[in-house]
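Trainee: Before we start, here is the structure in question, set down as structure tokens.
Values quoted throughout were computed directly from the atomic coordinates according to the rules given, and no laboratory measurement underlies them. The structure displayed is predicted, hence computed values, not measured ones. Please note: Cβ atoms are built from the backbone with ideal geometry, for glycine as well, and neighbour counts cover all protein chains shown.
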């Protein structure tokens, strides 16, 4: 007798000659336990052994066309078998270099350095994508940063050893529009650092926030043409002995607003 296929069984099975029975209606019943062929077990997915940390990188504001400092991502193989890296890429305005090579041994890790180079102003997003062992399951690290066409010549100014009630010599901050569109300036002002972002600085900051001891004058106006620059001059006049801090804030439509310069000074009796 020719072997018959079983179709009423949960598992795939094949009937050998004579291995059948008739039910009450005369239909053939497969003896599902005979010659059953079990479905192959699925391999443990490679993603179960892979870990990328952190899950998100934020680069803050970066001048358009300029590269940020790199930030690290750690790729860990928490399994015991070696993993083959078949894809490792960064998308959008982000790029990566790594020490991982093509294979990563079990219980080891490697470092992926990600850099942000914005091509336009505003919020920029991308992803670091990892594919291992040729599987279709991607591991992702979400990337974000803000491109700005506003370039400040310094990010901090320090006035040290200034006699009380004596104005310091002015120190300049150059503001440049590196974009190809008009930059509209809403305000340039000095403010205590605790009020700009809505939360206080860390407890390790011991100086007093005396914004009134700093002053600025500028010739920037309300707009700046593409490629043009203007100067903001800052002075410090301490009213009390000790250290003081404040921020010089530039509010604009150039992306990443407000930009800031940290101001610090020490008054002497």
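Trainee: Rg and Dmax of the stretch 46-148, Cα atoms, in Å?
Mentor: Using the Cα atoms of the stretch 46-148, the pair Rg, Dmax is 14.2, 45 Å.
Trainee: Still on this structure, I have one more. Counting other C-beta atoms within 10 Å, which of 260, 184 has the fewest, and how do the rest follow?
Mentor: On the way: 260 19, 184 13.
Result, fewest neighbours first: 184, 260.
Trainee: Write down the radius of gyration of the stretch 70-118 and its Dmax, each obtained from C-alpha positions, in Å.
Mentor: In order Rg, Dmax, the Cα atoms of the stretch 70-118 give 11.8, 39 Å.
Trainee: Further question: How much length is gained if the chain between residue 153 and residue 174 is pulled fully straight, taking 0.36 nm per residue apart and subtracting their Cα-Cα distance, in nm to one decimal? Show your work: numbers first, answer last.
Mentor: Details: separation 21, 0.36 × 21 = 7.56 nm, distance 0.51 nm.
Fully extending the segment from residue 153 to residue 174 adds 7.0 nm.
Trainee: How much length is gained on full extension from residue 56 to residue 97, taking 0.36 nm per residue of separation minus their Cα-Cα distance?
Mentor: 13.1 nm
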